[in-house]
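Take a look at the structure below.
The values are calculated or read from the model by the stated rules, or taken from the named source; none is laboratory data. Note that the coordinates shown come from a computational prediction; the quantities given were computed from them, not determined experimentally. All Cβ positions, even for glycine, are placed from backbone atoms using ideal geometry, and neighbour counts span all protein chains on display. SASA here: full protein model, heavy atoms, side chains in, ligands and nucleic acids out. Shrake-Rupley method; radii C 1.70, N 1.55, O 1.52, S 1.80 Å.
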Amino acid sequence: MTRFEGRVAVVTGAARGIGFGTAQRFASEGASVAILDLDESAAAEAAGRLELADGARAVGIGADVSDATSVDTAVERVVSELGGLHVLVNNAGVTRDNLLFKMTEVDWDLVMGVHLKGAFLMTKAAQRHFTEQRYGKVVCLSSTSALGNRGQANYSAAKMGIQGFVRTLGLELGPYGINVNAVAPGFIATEMTDATAARLKMSVEDFRAGVADRNPVKRIGHPEDIAAAVTFLASDEASYITGQTLYVDGGATLL
Ligand code: NAP
């Protein structure tokens, strides 16, 4: 018996990066998995790459997590196409970095919309099913940037907002058998951090090597590191944990 046999997990922003790595981990432990992403063809292609357990299924769905109609349609599709919903991972993300005096209102609204409103809309849509069945797991992606990071006032505020969001939902939804937690990654090798290297006019290799050198465990993180923490919090082994944020950063926040 694997941890997620018979369960359905939906992971947002999972066509690549941390989301895809997490979707793959759920699949490898028996779950049926829905990959939600902006572009339906990219989501479907990623769903086709998942290595599934016998009897499990995968679907790729195009959805914008910051749009209520898109979210409601997507969640209903997950339930009808995969036969239920047990785990939600709010992973979709964007960055629009700039110092405050150069940050535009558009960049502020986009980052808040995807991370915070996206987590709100997806969790609200999923909790209708979770409360009815008295079972559900929500894991949201925060970040070490929640603690403050130059050039990321929008992203940092959104990621600390996620921590308040899970604390509050831990209180509200605990009585209904629903656990709500967050994982706060440090540097993880994905297209998101590759884009940061490009912005800093550094090669990806040099950027990653510098981060690894400054990290207490002397390496950078990979999507599998986050997938391990997310699947633990989404498992029944973690049923006495709610409202918490787990930093997964190789000790970077200890410095
Ligand atoms: P990524 O490689 O950039 O992937 C993010 C995915 O989210 C992309 O497929 C993107 O689609 C999708 N997305 C963006 N806006 C969306 C929307 N409105 N609706 C649905 N999907 C949307 O990012 P990542 O590095 O894997 O990061 C995943 C999560 O971890 C994010 O929440 C991020 O903030 C967090 N995180 C990452 C790091 C890190 O070091 N990588 C550290 C801390 C926290 P498009 O390609 O079409 O835009």
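Take each peptide in 72-82, 181-191, 14-24, count the other Cβ atoms within 10 Å of every residue, and average; sorted highest first, the result is 14-24, 181-191, 72-82.
The residues of region 128-255 have, on average, 49 Å² of accessible surface per residue, using a 1.4 Å probe with all protein chains present. With θ taken as phi - 60° and the Karplus curve 6.51 cos²θ - 1.76 cosθ + 1.60 applied, the whole-hertz 3J(HN,Hα) list for region 99-116 is 5, 3, 5, 9, 6, 8, 5, 4, 5, 4, 5, 5, 5, 4, x, 6, 6, 8 Hz, x standing for glycine and proline.
To the nearest 10, the accessible area of H129 is 40 Å² with a 1.4 Å probe.
For V248, the residues 5 or more places off, or on other chains, whose built amide H falls under 5 Å of its own are A184, G186. Here the Karplus curve 6.51 cos²θ - 1.76 cosθ + 1.60, taken at θ = phi - 60°, turns the phi angles of region 242-253 into couplings of 8, x, 9, 10, 9, 7, 10, 8, x, x, 4, 7 Hz, with x standing for Gly and Pro. Within straight-line reach of K201, meaning a Cα separation under 18 Å, sit the following aspartates and glutamates at least 8 residues removed in sequence or on another chain: D97, E191.
In plain terms, the C-alpha convex hull of region 46-125 casts an average shadow of 6.5 nm² when viewed from every direction. Carbon and sulfur: what percent of the chain's accessible surface (1.4 Å probe)? Within the chain, the accessible surface is 54 percent carbon and sulfur. What does a probe at A42 reach in region 141-164, counting residues whose amide N is under 14 Å from the point 7 Å along Cα→Cβ? What the label zone holds, given the 14 Å backbone N cut-off, is no residue at all. One chain, two ends: A209 and L254. Fully extended at 0.36 nm per residue, the span grows by 14.3 nm beyond their Cα-Cα distance.
Pulled fully out, how much extra length does the chain show between K218 and Y176, if you take 0.36 nm times their separation in residues and subtract their Cα-Cα distance? Intermediate values should be presented prior to the final figure.
Details: separation 42, 0.36 × 42 = 15.12 nm, distance 4.16 nm.
Gain in length upon complete extension: 11.0 nm.
Net charge within 10 Å of V87 by Cβ-Cβ distance, Lys/Arg positive one each and Asp/Glu negative one each, not counting V87 itself? Each step should come with its number before you reach the end.
Numbers: positive: R7, K137; negative: none.
Residues near V87 contribute +2 overall.
Each residue of region 5-10 was assigned a 3J(HN,Hα) from its phi angle through the Karplus curve 6.51 cos²θ - 1.76 cosθ + 1.60 (θ = phi - 60°); the sequence is 4, x, 9, 10, 10, 10 Hz, with glycine and proline shown as x. Each label point was placed 7 Å from the Cα along the Cα-to-Cβ direction; for Y240 and A198 their separation is 4.7 nm. Give me the Å³ per residue figure for the convex hull around the C-alpha atoms of region 71-225. Measuring per residue, one finds 132 Å³ for the Cα hull of region 71-225.
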